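Just below is one structure, and these are the notes that go with it.
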Amino acid sequence: MVRRPRTGARTTPRVRKARLRVAKADPWSVMKVSFLLSIALGVCTIVASAVLWMVMDAMGVFSTVGGTISEATGSNDSNGFDLQSFLSLPNVLLFTTIIAVIDVVLATALATLGAFIYNLSAGFVGGVELTLAEDE
């Protein structure tokens with residue numbers, strides 16, 4: 001007896017599914033990944049603030065606002081507050097770098113602490129269940 005192939009063959013691809021549970025997050029790997037991501041965010045913050053400062057300086061924002069503030073705070077004896085020297089590019093980049101370093105330390109510490117807290121809570125409730133699907 002010879003079998004013939006069915007003419008109504010499947011046209012939709014078969015999908016395999018698996019239900020998995022995230023039972024533990026390794027704090028060491030979470031710390032490494034969060035450190036690298038926060039370093040990247042810090043570099044992006046420094047570059048973005050430098051570009052924004054250059055655009056605002058090219059538009060003349062600092063000279064216009066600085067002149068207005070200098071006139072408002074000045075008197076006959078003094079020139080008033082000099083905004084342009086206060087908001088110079090090196091000062092802005094120094095402040096942004098300090099903020100970025102603080103962000104790197106805090107983000108890394110908070111992500112690692114979050115991994116420890118997740119591991120404690122996953123021990124009580126079993127973790128997060130995921131359904132993964134694979135297309136063939």
Checklist entry - So what are the ³J(HN,Hα) numbers for the stretch 117-122, from phi and the Karplus equation (6.51, -1.76, 1.60; θ = phi - 60°), rounded to whole Hz, Gly and Pro as x? => result 5, 4, 5, 5, 6, 5
Checklist entry - Sorted by average packing, counted as other Cβ atoms within 10 angstrom per residue and highest first, what order do 27-35, 120-128 take? => result 27-35, 120-128
Checklist entry - Which value does Rg/Rh take for the stretch 25-125 over its C-alpha atoms, Rh per Kirkwood? => result 1.28
Checklist entry - Which cross-chain or sequence-distant (5 or more) residues have an amide H under 5 Å from the amide H of residue 128, H modelled 1.01 Å from N in plane? => result 22
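Readers should treat all values here as calculations from the given coordinates under stated rules, not as data from a laboratory. What you see is a predicted model; the values in this text were computed from it and never measured. Reconstructed Cβ throughout: ideal geometry from the backbone, glycine too, with neighbour counts over all protein chains shown.
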